[in-house]
Each structure stands twice: as C-alpha cells, then as structure tokens.
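> Pasting a structure below so you can have a look.
The values are calculated or read from the model by the stated rules, or taken from the named source; none is laboratory data. The model shown is predicted, which means the values in this text are computed figures rather than measured ones. Cβ atoms come from the backbone with ideal geometry, glycine included; neighbour counts cover every protein chain shown.
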Amino acid sequence: MKIYGDIYSGNCFKIKMICDLLDISHEWIPVDIMAGETREENFVALNPASQIPVCVTDDGEVLTESNAILYYLARDSDFWPDNLLAQTRVLEWQFFEQYSHEPTIAVARFIKLYQGMPDHRREEYEAKLKGGYRALDLMERQLEGRRYLLGDRCTLADISLFAYTHVADEGGFDLASYASICSWIDSIRALPGFVPMPAADSRPPARLS
C-alpha cells in the first residue's frame, strides 16, 4: 500500500497516525504542496482533485478524502464501533471536523505558519480564529467528563479531530483554557504505537513551484 501525503498536514497526519496505531505496513510518499507537486501531471492523473492524502491499495485502488481513507484502514479495528448509533456519532464528528473545524483551524495555521501572515489575508485570519474558537468550544463541552469524544473508547472521531487540534497553537489558538481538550490530547498521545508529528521547524524549506 502506498500513501501520498505531507506529514505536516493534519489531513495526512491522521492517516499516518492510524497506520502507526494499527501497525499497518505502507510506503509513505512525500508530496510537497508548497512546491506545487499536487498540480503536476502524474499526481493529477492519480487524483484529479489535486489533493492529498491519497492511498493506493495493494489492489491498485485509489482512495481519496482523509476520513474515507481512515474508514477503509480501520473499519475492522477497535477504532470503529460495532454499534450503529456509535458509528453514526463518529460520522457526525468527522463531518464536523471537515465542515467546521478544519476550514478554520487548519487555514489559520496555514496563513500564520506557512504564509507568514501576509497583509492581504490578515482579515481572513481573524475570521478563522473566531470560527476555530467556536469549534474548540464545542469540543470542550463534549469532552467534559469524557476521556474521548464518545466516552472511554478512542474512535476515528478522535483521530480525525486530533490531527489539527493538537497543533492549533501553531495557528495562534491558545488552548490553555481548554482543560478537557488538553487532557484528551494527552490521552491520545499515550496510545500504544502513537508517533508524533514532526516539529514544524523541521520541515524542509519550501521549493518554488
């Protein structure tokens, strides 16, 4: 199995996480978004949407969309509940992650960390901060009195939301007042097999596309 991705991207890191947690053998193929590699002809042939991550199975099937790939890889594991209602709850949080959480927290991180806060995006960044804090507030309420989003069991909902939440500070979000989120982050980091995302300052300098 081959996985094309950027380890510093939360959407890609969640796939690396589940592979590490479940000890899934794979070949990780780095893709440099900043250098425009997702727009190159060979990558577009793989995924016409020009997005990562992409998973190519041993059977040659091409899978896209991070949460769909998570399901494919972990559907027979303890990270995917066997109860229909619990499965639906996982999906609720994954839809929330892609609709309300990632578009605010991830974009704020990109503007601040990778673009260096250009003037023309500063107003957009401030709006992303507001939206991101709303998403964090909702997560904090859900996690009060719970170890994980759905209770005592870590599910794909947690994997999906951990990816960008645990690096939210890189986007300018202050997590100090989110005690439940901070405890939740620690619980996930303590999972057997967990391997952290490399520090942002270890990222190779961006090449010009």
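> Can you find a residue that is over 23 Å from residue 135 (Cβ atoms), among the aliphatic types (A, V, I, L, M), at pLDDT below 95 and exposed (fewer than 12 other Cβ atoms within 10 Å of the Cβ) anywhere in the range 187-203?
Within the range 187-203, one or more residues are over 23 Å from residue 135 (Cβ atoms), among the aliphatic types (A, V, I, L, M), at pLDDT below 95 and exposed (fewer than 12 other Cβ atoms within 10 Å of the Cβ).
> Tell me which residues, restricted to the range 64-98, are within 16 Å of the chain's Cα centre (by Cα) and outside any helix (DSSP H, G or I).
64, 65, 79 - these are the residues of the range 64-98 that are within 16 Å of the chain's Cα centre (by Cα) and outside any helix (DSSP H, G or I).
> Here's something else I'd like to know. For residue 142, work out the one condition from (1) part of a helix (DSSP H, G or I); (2) surrounded by 21 or more Cβ atoms within 10 Å (Cβ to Cβ) it doesn't fulfil.
For residue 142, the exception is condition (2).
> Need the failing condition index for residue 170 against (1) surrounded by 13 or more Cβ atoms within 10 Å (Cβ to Cβ); (2) part of a loop (DSSP other than H, G, I, E, B), just the number.
(2)
> How about the range 4-47: which of its residues are closer than 19 Å to residue 98 by Cβ and either assigned to a loop (DSSP other than H, G, I, E, B) or of a type in the set (A, V, I, L, M) (or both)?
6, 8, 9, 15, 17, 18, 33, 47
> Identify, please: which residue in the range 107-121 is more than 16 Å from residue 173 (Cβ to Cβ) and outside any loop (DSSP other than H, G, I, E, B) and is, among those, nearest to the chain's Cα centre (by Cα)? So that I can check it myself, show each step before the final result.
Initial filter on the range 107-121 (more than 16 Å from residue 173 (Cβ to Cβ)): 115-116, 118-121.
Subsequent filtering for residues that are outside any loop (DSSP other than H, G, I, E, B) retains 119-121.
Values: 119: 27, 120: 26, 121: 23 Å.
Going through the qualifying residues, I end up with 121.
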